[in-house]
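Here's the structure, in structure tokens; my notes come after.
The values are calculated or read from the model by the stated rules, or taken from the named source; none is laboratory data. What you see is a predicted model; the values in this text were computed from it and never measured. Note that each Cβ is placed from the backbone with ideal geometry, even for glycine, and that neighbours are counted across all protein chains shown.
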């Protein structure tokens, strides 16, 4: 997991927490011995999840703009992979131990559900934090026009920081699609399907669709002809 995200044991779930479970335990003792082991694994998973959420929120509070890429990787690859691996490891344990001690089977559904829920919450938090940091970056590290201002109606121009930021967030095919969509921003009026709207309550940042779940982040600038949109960033919008 990224160094930007810190929590106990550097994981939200570790199959090693269940290592005390064994099919060698006498049947009469199996359930009593297994209950506290599974309960402890659930508690550790919940604690790791809470620590992860606090760690993610702290990135926003300290405006850790250099964590944007790491959050995207955690949100789209690392955490989904970890969730799948965690569930897989529990099912493997069930096939090795619980199927021989079937009285243990009722202990595992809650653990599986908690592992899934904790990872889902962390994924959601990463997306929200990443999007908030992208907005903060547009405000704190604004770019300059990379070309003449475009648009026959609504005026806009890409920031000279846009291409590097887009390459961090989207694969090439999605960037190409986003560029085609962006050209419609220059129409008058702006097409409704672009869903032009304020990004948050500040009024200085706006957003439009960029294809799929992605959206552009636009900053309002002015020149002697009046206001125009500086296209600062693009990426998957937080769910």
Task: Where a residue in region 188-204 is over 27 Å from residue 133 (Cα atoms) and its partner, wherever it lies, is part of a loop (DSSP other than H, G, I, E, B) and modelled with pLDDT of 95 or more, with Cβ under 6 Å and at least six apart - done: none
Task: Filter result for residue 132 (in contact with a helix residue (DSSP H, G or I) (Cβ under 6 Å, 6 or more places away or on another chain) and surrounded by 12 or more Cβ atoms within 10 Å (Cβ to Cβ)) - done: yes
Open item on the list: Tell me the residue from 139, 114, 175, 96 that is in contact (Cβ under 8 Å) with a residue 60 or more places away in the chain, in contact with a strand residue (DSSP E or B) (Cβ under 9 Å, 6 or more places away or on another chain) and in a helix (DSSP H, G or I), please.
Closed with: 139
- [ ] Kindly establish whether residue 220 is in the same structural domain as residue 160 (by TED's automatic domain parsing), farther than 19 Å from residue 138 by Cα and surrounded by 12 or more Cβ atoms within 10 Å (Cβ to Cβ).
- [x] no
- [ ] Would you point out which residue out of 174, 160, 200, 192 is surrounded by fewer than 16 Cβ atoms within 10 Å (Cβ to Cβ), within 19 Å of the chain's Cα centre (by Cα), farther than 30 Å from residue 87 by Cα and outside the structural domain of residue 13 (by TED's automatic domain parsing)?
- [x] 200
Open item on the list: For residue 63, only one of the following conditions fails: (1) crowded, with 17+ Cβ neighbours inside 10 Å; (2) assigned to a loop (DSSP other than H, G, I, E, B); (3) at pLDDT 95 or above. What is its number?
Closed with: (1)
